[in-house]
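See structure below.
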Amino acid sequence: MGVEGCTKCIKYLLFIFNFIFWLAGGVILGVSLWLRHDPQTSELMGLQLDGEEAPSTFYIGVYILITVGAVMMFVGFLGCYGAIQESQCLLGTFFACLVILFACEVAAGIWGFINKDQVTEEMKVFYDSAFSSATVPALFGVAGKEEKKAKAEGVLKVFHNTLQCCGTNKVSQILLQTNGLCPTKDSFLEQVTQISCHSRIDELFTTKLYLIGIAALVVAFIMIFEMIFSMILCCGIRNSSVY
């Protein structure tokens, strides 16, 4: 015997919320794949200097998001099917998966809040290292200095062309422009008033972290309602089977 009355309404509400949850999982999966393959971040994360790769903290978070998005799509499908079939077993499994996902999301949120500045700081340090290697004149008679300088200049050009920035302050911009390492602008005014790379790095990663935070809050809100509805429906199914 199927559920009736308010419980039946809860059943369809749960189905709708699960469908939204499934769509949210697809959106998170799509956004995380975009973050992983975004030309700006891919160019910067693929850089190497003296055998040292660019900081990978940002990508760690992105890989976690890819996993979460895929799991959300599976759990959303499980919830939809369990609600329509009025299966206590599937709904119980769905509830347990939601609790685990919610706990993981809270843990990831805490980790993200603690490390929110680490991504930008690591990238700034990497840029500063390349800047020092490229602008400090090579010492005569010291093997490898010219080659190191050339590699560092290549790293700086990728930063500058990708982010459309130059240096960290006015003095460094003048030094870089003298060496032809800043992006070429249409006018003299634009050439001498370019934005610093530290500001661009802050802007790039802060914007992306805000997108991730907003998506996480929306998903957490949906998950709370789903946990409540799944338990109500599960109790309603058990009670209806008694009569």
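The values are calculated or read from the model by the stated rules, or taken from the named source; none is laboratory data. None of these values were measured; they are calculated from a predicted model. Counting neighbours? That spans all protein chains shown, and the Cβs are built from the backbone with ideal geometry, glycine included. To get the accessible areas, we keep the full protein, side chains included, count just its heavy atoms, and leave off ligands, DNA and RNA. Shrake-Rupley method; radii C 1.70, N 1.55, O 1.52, S 1.80 Å.
Does Ile64 satisfy the criteria of being surrounded by fewer than 13 Cβ atoms within 10 Å (Cβ to Cβ) and either part of a helix (DSSP H, G or I) or modelled with pLDDT of 80 or more (or both)? No. Suppose we keep only residues that are without any contact (Cβ under 8 Å) to a residue 24 or more places away in the chain, open to solvent by 50 Å² or more (accessible area, probe 1.4 Å) and of a type in the set (S, T, N, Q) within the stretch 159-186. Which one would you say is nearest to Gly69 (Cα to Cα)? Here the answer is Asn161. Within the stretch 98-110, being loosely packed, with under 12 Cβ neighbours inside 10 Å and not hydrophobic (A, V, I, L, M, F, W, C) holds for no residue.
Filtered by the rule that a residue be of a type outside the set (A, V, I, L, M, F, W, C), part of a helix (DSSP H, G or I) and farther than 30 Å from Ser230 by Cβ, the stretch 98-129 gives Gln118, Thr120, Glu121, Glu122, Lys124, Tyr127, Asp128, Ser129. Checked against the criterion of being at pLDDT 75 or above, of a type in the set (S, T, N, Q), part of a helix (DSSP H, G or I) and over 29 Å from the mean Cα position of the chain (by Cα), the stretch 162-171 has no qualifying residue.
Look at the stretch 219-243: where a residue is over 16 Å from Cys104 (Cα atoms) and part of a helix (DSSP H, G or I) and a partner is modelled with pLDDT under 80 and of a type in the set (Asp, Glu), sitting 6+ places away or on another chain with Cβ atoms under 6 Å, you get Ile237/Glu86. Among the residues of the stretch 78-97, just one is of a type in the set (Phe, Trp, Tyr), open to solvent by 40 Å² or more (accessible area, probe 1.4 Å) and under 13 Å from Glu226 (Cα atoms), namely Phe95.
Just one of the listed residues (Ile100, Ile66) is farther than 17 Å from Lys8 by Cα and touching a Lys or Arg at 6+ places or on another chain (Cβ under 8 Å), namely Ile66. In the stretch 189-212, the condition of being open to solvent by 40 Å² or more (accessible area, probe 1.4 Å), among the β-branched types (Val, Ile, Thr) and not in a helix (DSSP H, G or I) is met by at least one residue.
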